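Each value in this text was obtained by applying a stated rule to the coordinates, not by laboratory testing. Since this is a predicted model, take the numbers as computed values, not measurements. Methodologically, a virtual Cβ is constructed for each residue, glycine included, from the backbone with ideal geometry; neighbour enumeration extends over all protein chains shown.
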Amino acid sequence: MAIVVLQVLGLIACLGLGLMLLLLELQLGRAPRLGPNPDPGPLQASFLRLVIPVYNEESNISACLDAVLASQDPGLPWELVVADDGSSDATVGLVQERFQCEGPGQAHGAHGANPSGAGPSRRLWEVGPRPEGERWCGKNWPASKAAALEWPAGDPSQQWLLFIDADVRLEPAALVSVLQEVAAAKMEGPSLGHGGPPVDLLTLAPRLECGCLAEWLVQPIVASLLGLGFPLKRSNDPADATAFAAGPFMLFRRSAYEAIGGHRAVAGDVVEDLALAGAIKASGHRLLYQLGVDLVRLRMYPDLASLWEGWTKNWYLGVDRNPFKAIGSALVVVGGFSLPWVLLPLGLLDRSLGWIGLAAIGLQLAIRLWSRWRFGTPLRYWWLAWLGGLLIGAIVPASMWKTTTGQGWTWRGRSLA
């Protein structure tokens with residue numbers, strides 16, 4: 001009887017992995033992919049503010065700023081604002097070194113140009129403590145404060161507000177390319193056909209980079225699940241309620257951002273990017289979600305501890321606090337990525353189990369080969385997928401517990417309860 005159960009579970013794993021591979025190609029492999037724009041045209045923009053909210057980002061901020069400051073000239077006045085949320089490490093000092101400014105709150109240059117006449121104006125802004133009696137989660141407070149800084153005179157519908165995270169690395173052509181895209185982009189959907197209204201929020205899915213072993217175990221699996229769980233086509237269809245935004249890169253039309261209340265309207269949301277995307281679509285504004293793997297790189301977690309804190313913070317919220325979805329996602333991952341490696345040695349007891357396990361492992365390799373083909377993801381540690389499945393299987397109940405009880409529910413040591 002046990003052999004039959006394992007055979008059935010193994011065949012289900014094979015079927016699920018095969019279906020995952022097919023859907024990945026249909027939904028991501030052929031999805032819109034924004035690359036460097038070789039032929040810039042006229043912009044529908046008068047000003048760009050790029051905001052980097054930071055809290056204890058000494059390991060990231062220098063490389064992030066170097067990449068931003070190496071950007072190609074976007075062809076309009078722009079400003080770079082680092083909004084510090086009370087960092088206790090060397091973050092502020094590192095920003096001061098890059099900006100050559102005297103202290104927090106001091107602007108380097110005027111709106112649109114620095115004293116050398118090249119690049120953005122630069123501002124390090126210390127946002128101060130959160131208001132007592134108000135719930136502000138994560139980067140919502142510094143993002144909101146930076147967005148509220150004085151803007152130059154002009155039409156808010158022609159001014160743009162870009163939020164990136166400190167662990168993001170922009171390619172030199174990123175800013176030019178996204179500004180050209182929002183100037184020329186045409187929405188598509190069953191209710192619109194070709195040539196719809198202008199874009200109010202452009203968000204890019206970045207290229208996920210892995211460094212430590214924990215990332216190689218978890219991130220490739222999670223990237224596949226996110227790609228399937230939030231299809232680009234549905235997010236881009238105004239008639240569909242599906243809304244996804246990648247928090248590390250969100251470019252808002254200023255007028256639309258202010259119309260939905262900005263980060264202040266989602267102050268208490270831990271997963272603020274999804275909340276903002278939902279607000280944009282619910283208010284009748286236009287969301288454009290594209291692959292940005294050729295323009296934006298992201299390495300989320302430097303070690304196992306930060307990966308554990310990050311995914312246990314988000315997972316349960318990502319499935320709408322639905323225990324059935326959460327448990328189901330854990331079973332799918334463990335069944336698809338861990339079970340086949342158990343079946344392989346059981347082939348010594350029953351040959352069919354070994355063949356089923358081998359087939360499922362072959363499909364796991366096929367998924368990673370597809371990822372290398374489409375996105376250049378190395379095959380490193382692919383044979384440890386079984387361990388990644390078990391780690392995610394542990395993350396899910398921990399996330400349910402933390403989110404429900406508030407115990408240990410933190411980000412960078414700050415309580416989210």
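With a simple spin-label model that places each label point 7 Å from the Cα along the Cα-to-Cβ direction, the separation between L149 and N322 comes to 4.1 nm. The distance linking the range 252-309 with the range 1-78 is 13 Å (Cα centroid to Cα centroid, whole angstrom). Using a simple spin-label model with pseudo-atoms 7 Å out from Cα toward Cβ, I12 and E209 lie 4.0 nm apart.
On a full-extension model of 0.36 nm per residue, what is the gain between Q44 and L69, subtracting their alpha-carbon distance, rounded to one decimal in nm?
Once the chain is fully extended between Q44 and L69, it gains 6.8 nm.
Quick one: helix 351-375 against the long Cα principal axis of the chain, what's the angle to the nearest 10°, folded into 0 to 90? Roughly 20 degrees between the two axes. DSSP beta bridges fully contained in the chain are about 40 percent antiparallel. Of T242, L348, W315, which is farthest on the positive side of the dipole of the range 219-350, counting Cα position, with +1 on Lys and Arg Cβ, -1 on Asp and Glu Cβ, and the Cα centre as origin? Toward the positive end, the furthest listed residue is T242. For the range 1-105, applying the loop criterion from DSSP together with a ceiling of 14 other beta carbons within 10 Å to the GluC sites (Glu not before Pro) yields E102. Counting every C-alpha pair in the chain, the share spaced more than 35 angstrom apart comes to 30%. Both radii come from the Cα set of the range 18-72: Rg as radius of gyration, Rh as Kirkwood radius; their ratio Rg/Rh reads 1.15. For the chain, the 222 nm mean residue ellipticity estimated from helices alone, with every DSSP H stretch of n ≥ 4 adding -39500 (n - 2.57) and the total spread over all residues, rounds to -13500 deg cm²/dmol.
Determine one quarter of the surface area of the Cα convex hull of the range 343-417, which equals its mean projected area, and express it in nm² to one decimal. Walk me through the numbers before you get to the answer.
On the way: hull surface 30.4 nm².
Its Cα hull, projected and averaged over all orientations, spans 7.6 nm².
Run a plain Debye calculation on the range 183-342 (Cα atoms as equal point scatterers, no solvent) and give log10 I(q)/I(0) at q = 0.19 Å⁻¹, rounded to two decimals, same order as the q list. Those come out to -1.31, one per q. Residues of the range 1-39 falling in the label zone of L348, defined by backbone nitrogen less than 20 Å from a point 7 Å along Cα to beta-carbon, are 2-4, 6-7.
Given a Förster distance of 45 Å, report the FRET efficiency between S88 and L365 from their Cβ-Cβ distance, rounded to the nearest 0.05. Numbers along the way, then the final one.
Values: r = 44 Å, r/R0 = 0.98.
Once rounded, the FRET efficiency stands at 0.50.
In this simple spin-label approximation, Q100 and A305 carry label points 7 Å from Cα along the Cα→Cβ vector, and these lie 3.7 nm apart. Remark: the S255-L22 segment gains 79.9 nm on full extension, using 0.36 nm per residue and subtracting the alpha carbon distance. At q = 0.13, 0.21 Å⁻¹, what log₁₀ I(q)/I(0) does the range 275-417 have when each alpha carbon counts as one equal point scatterer in the Debye sum? Ignoring solvent entirely, the Cα scatterers give -0.81, -1.28.
Magnitude of the charge dipole for the range 286-350, about its Cα centre and with charges confined to Cβ atoms of Lys, Arg (+1) and Asp, Glu (-1), is about 320 debye.
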